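K.L.:
Quick one: the structure is below, and I'll ask about it shortly.
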Amino acid sequence: MRLTPSVAFRLTLILLCASAPIRAHHGFVVEFDDKKPVTLAGVVTKMEFMNPHIYFYLDVKNKDGKVVNWALEGGPPNVLYRQGWRKDTVKPGDQVTVKGFRARDGSYLASCSSITFPDGREISAGPGPVSQSGYSTGSDKGKK
């Protein structure tokens, strides 16, 4: 079978488009450092419950009293929904403590493993190693 340039181009375009989602998704170890656990306490400023991962943002005071807005990445919404999460599980104004792992680039981004509310409820938030110990506090290290 002989392919014309037009058919070859279309086939190439279809294959490239089909592979884009695979290349676009990242693994935990690519973006986050499992040797840099963090514990952050603050007030939720924004919640994004959408694919491919949820994100919420937390105002955290560092050691100098300066407020830094952290981005926290959780698991995929469909997985969290099956675990009991809803769009309003975490909402702006909530005071929470989160545990997770800092981004490799040192920015104010972390993969969130768990969230604890003032009443003591703790919920899993998704990706990251299950075994976590030695959390540090998110101080003013990093850049935005």
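K.L.:
I'd like to verify a number: residues in the stretch 72-86 that are under 10 Å from the mean Cα position of the chain (by Cα) and surrounded by fewer than 18 Cβ atoms within 10 Å (Cβ to Cβ), how many?
P.N.:
Matching residues across the stretch 72-86 total 1.
Conditions (1) surrounded by fewer than 19 Cβ atoms within 10 Å (Cβ to Cβ); (2) touching an Asp or Glu at 6+ places or on another chain (Cβ under 9 Å); (3) assigned to a loop (DSSP other than H, G, I, E, B); (4) touching a residue at least 12 places away in the same chain (Cβ under 8 Å), marked per residue:
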| site | (1), (2), (3), (4) |
| --- | --- |
| 34 | yes, no, no, yes |
| 40 | no, no, no, yes |
| 51 | yes, no, yes, yes |
| 56 | no, yes, no, yes |
| 60 | no, no, no, yes |
| 69 | yes, yes, no, yes |
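K.L.:
Take the conditions of a type outside the set (A, V, I, L, M), modelled with pLDDT under 95, farther than 25 Å from residue 27 by Cβ and touching a Ser or Thr at 6+ places or on another chain (Cβ under 7 Å) and apply them to residue 62. Does it pass?
P.N.:
Taking the combined requirement at face value, the residue satisfies it.
K.L.:
Determine, yes or no, whether residue 55 is out of contact with any strand residue (DSSP E or B) (no Cβ under 6 Å at 6 or more places or on another chain), closer than 14 Å to residue 126 by Cα and either modelled with pLDDT of 95 or more or of a type in the set (Phe, Trp, Tyr) (or both).
P.N.:
no
K.L.:
Kindly provide the set of residues from the stretch 87-102 that are in contact with a helix residue (DSSP H, G or I) (Cβ under 9 Å, 6 or more places away or on another chain) and either surrounded by fewer than 20 Cβ atoms within 10 Å (Cβ to Cβ) or part of a loop (DSSP other than H, G, I, E, B) (or both), ordered by number.
P.N.:
Result: 87, 89.
The values are calculated or read from the model by the stated rules, or taken from the named source; none is laboratory data. Please read all numbers here as calculations on a predicted model, not as lab measurements. For neighbour counting, all protein chains shown are included, and Cβ atoms are generated from backbone atoms with ideal geometry for every residue, glycine included.
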